[in-house]
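The values are calculated or read from the model by the stated rules, or taken from the named source; none is laboratory data. On a predicted model such as this, the values are computed, not experimentally measured, just so you know. Note that we place each Cβ from the backbone using ideal geometry, even for glycine, and neighbour counts take in every protein chain shown.
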Amino acid sequence: MYYQDYDKALHYMIWGQWDDLLILMVRTRDHFLSKKIEAFLHAFHYPGHETTLLESHESLLHYIDHAQATTQPSLYV
């Protein structure tokens, strides 16, 4: 389904490529992934509480991990 999006999101998170993560947020068709990225980028860009940033970061990583575990990579793209 969207296995490549999850792989890209993880890569962008690890290397701090926030611009690419924003572009992925707009282009992906996985609405849950898009909302998780939006929440993380909002918490990162507008720091209010560090706990909010950490929670959104953990939530995004948890969703990516879950999605990668339940989605098979497409062999014929």
Residue pairs, Cβ under 9 Å, 6 or more apart or interchain, first in the range 40-55 and within 18 Å of L21 (Cα to Cα), second among the charged types (D, E, K, R) and assigned to a helix (DSSP H, G or I). List them. A43/E55
Looking only at the range 1-55, which residues are in contact with a Phe, Trp or Tyr (Cβ under 6 Å, 6 or more places away or on another chain), in a helix (DSSP H, G or I) and closer than 22 Å to A69 by Cα? L21, K36
Only listed residue being at pLDDT 95 or above and not hydrophobic (A, V, I, L, M, F, W, C), chosen from H62, H49, H66: H62
Quick check: is even one residue across the range 17-32 exposed (fewer than 14 other Cβ atoms within 10 Å of the Cβ) and in contact (Cβ under 8 Å) with a residue 24 or more places away in the chain? yes
Residue that is surrounded by the fewest Cβ atoms within 10 Å (Cβ to Cβ) [pool: residues in the range 56-75 that are among the hydrophobic types (A, V, I, L, M, F, W, C) and free of Cβ contacts under 8 Å to residues at least 12 places away in the same chain]: L75
Look at D5 and say whether it is charged (D, E, K, R) and surrounded by 15 or more Cβ atoms within 10 Å (Cβ to Cβ). yes
